[in-house]
Amino acid sequence: MADAFNFELVSPERLLVSEKVSEVVIPATLGEMTVLANHAPTMTTIKPGVVSVKLASGQVNKYVVFGGFADILPTSCTLLAESAVPANELTRDTLQKRIEATQAEISKATGDEHKTKLEQFLAELTHLNGVVVAA
């Protein structure tokens, strides 16, 4: 059995996970990242995507996050999400509403930098929509 470490997934609304886990796969901004026990200390930003959590018992749970950051230490990983829900609670309609809200925000954006960030976020949401709908 792999070494276990503490993992917490926190959103402004609630604490979604606080467990001993053997593995966490997070959607880091620069690419998907697997965290195991004794991982090198790292901080990374998170893009919209699916977080896969393998509990010490072997059970795998999935959560959808909409940005944030992760603080990784050899004995723990804390993911602070801008928003997060268990994957089985996310509906196609909810995700479509987020996409439409982001599209509306893009049309109102005045600065190029802000508009570029929103367009990137929209691309990530659209990709996530394909992943969640396919699952």
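The values are calculated or read from the model by the stated rules, or taken from the named source; none is laboratory data. What you see is a predicted model; the values in this text were computed from it and never measured. No Cβ is skipped: glycine too gets one built from the backbone with ideal geometry, and neighbour counts run over all protein chains shown. These area figures cover heavy atoms from the full protein model, side chains too; ligands, DNA and RNA do not enter into them. Shrake-Rupley method; radii C 1.70, N 1.55, O 1.52, S 1.80 Å.
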| message | Suppose the filter is more than 22 Å from E119 (Cα to Cα) and surrounded by 13 or more Cβ atoms within 10 Å (Cβ to Cβ); does S83 pass it? | response | no
| task | Output the number of residues of region 1-15 satisfying the condition of being under 13 Å from the mean Cα position of the chain (by Cα) and at pLDDT below 95. | result | 1
| said: Looking at region 5-38 only, could you name the residues that are open to solvent by 10 Å² or more (accessible area, probe 1.4 Å), among the aliphatic types (A, V, I, L, M) and closer than 18 Å to E124 by Cβ? | reply: V25, L30, M33
| said: What's the total number of residues in region 1-19 that are part of a strand (DSSP E or B) and not hydroxyl-bearing (S, T, Y)? | reply: 10
